[in-house]
1. State yes or no: is ARG86 open to solvent by 50 Å² or more (accessible area, probe 1.4 Å) and either among the small types (Gly, Ala, Ser) or touching a residue at least 24 places away in the same chain (Cβ under 8 Å) (or both)?
2. How many of the residues making up segment 60-79 are in a loop (DSSP other than H, G, I, E, B) and open to solvent by 20 Å² or more (accessible area, probe 1.4 Å)?
3. Any chance segment 208-226 includes a residue that's in contact (Cβ under 8 Å) with a residue 40 or more places away in the chain, within 26 Å of GLU34 (Cα to Cα) and touching a His at 6+ places or on another chain (Cβ under 8 Å)?
4. Among (1) in contact with a Phe, Trp or Tyr (Cβ under 9 Å, 6 or more places away or on another chain); (2) at negative phi; (3) buried (at least 17 other Cβ atoms within 10 Å of the Cβ); (4) at pLDDT 90 or above, there is one condition THR57 misses while meeting the rest; what is its number?
5. Does SER150 satisfy the condition of being over 17 Å from the mean Cα position of the chain (by Cα) and modelled with pLDDT of 85 or more?
6. For segment 188-222, give me each residue that is among the β-branched types (Val, Ile, Thr) and not in a loop (DSSP other than H, G, I, E, B).
7. Do you know which of the residues in segment 116-140 that are of a type in the set (Ser, Thr, Tyr) and open to solvent by less than 10 Å² (accessible area, probe 1.4 Å) is farthest from SER90 (Cα to Cα)?
8. If we keep just the residues of segment 190-206 that are open to solvent by 90 Å² or more (accessible area, probe 1.4 Å) and touching a helix residue (DSSP H, G or I) at 6+ places or on another chain (Cβ under 9 Å), which is nearest to THR83 (Cα to Cα)?
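The values are calculated or read from the model by the stated rules, or taken from the named source; none is laboratory data. Just so it is clear, the model here is predicted, and its values are computed rather than measured. When we count neighbours, we look across all protein chains shown, and the Cβ atoms used for this are built from the backbone with ideal geometry, even at glycine. With ligands, DNA and RNA removed, areas are computed over all heavy atoms of the protein, side chains included. Shrake-Rupley method; radii C 1.70, N 1.55, O 1.52, S 1.80 Å.
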Amino acid sequence: FTWETITCKRNLDRQVEKLFNIKKDKAKFKEASEKIKSIWGFSDKDIDAIRYFVCQTRHKNHNPSMNKAIYFWGTLKQTGKTTIARTLVSILNGDKFENAGKYESSLPHELQYGAHDLPLASLYNAVMIDESLPKEASKSYNIVKQALTSKSARYNRKYQSVKWVECRRNYIFTSNDDIGDFIQDKEERRFYAIEMKTKPKHTSFEEIYDVWLQFCINAEPEDDWQT
């Protein structure tokens, strides 16, 4: 338990600070943004939403009701949604792409359907949930909403006493399904959905990682980002 909550977080914070401890360069951020729009066809609004998400993971002690989750979806195969999600969670945890698997979870696990599940959000800055939120998950809608804007979880340790653990609810979802099949509230503000409609031009994993790395480490919030 000590490793899972205290030591793990301490090591994580150390590696994240090492990666992000640079002087922000607006020119590099703009260059990365233009490359991303060119490769994946994202809009300026999409870019701004992902920037918000990146800054959200870096900001300490903000009101969790302001948490936004990114939802990459599309019915077309090979659009890059899973690759982008894995790249982002790797970078936001100060890590390399090849280690992305440790930051992947499932919706049932994060909602603690298992009696002794420890959400990965209690260990890491950002977590990916792949192939999630289909129509069948609509019954969990209110539970998901509550989880996204909470900052703690009740951890039922096996053969030990129950503990409350801090959570960083920064989730990136990927799915083949339109988020409209899950969302029941027209005013829902906890998700920003990006539909991936086209196959991107061929780009190596090294190039993909580098362009998103430059985007993330040079991203800065607007002065009035909370508004």
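1. yes
2. Summing the residues that are in a loop (DSSP other than H, G, I, E, B) and open to solvent by 20 Å² or more (accessible area, probe 1.4 Å) in segment 60-79 gives 9.
3. For segment 208-226, residues in contact (Cβ under 8 Å) with a residue 40 or more places away in the chain, within 26 Å of GLU34 (Cα to Cα) and touching a His at 6+ places or on another chain (Cβ under 8 Å): present.
4. Failed condition: (1).
5. So SER150 does not fit the description; no.
6. ILE194, ILE208, VAL211, ILE217, listed by residue number.
7. SER132
8. Across segment 190-206, the extreme among qualifying residues is PHE205.
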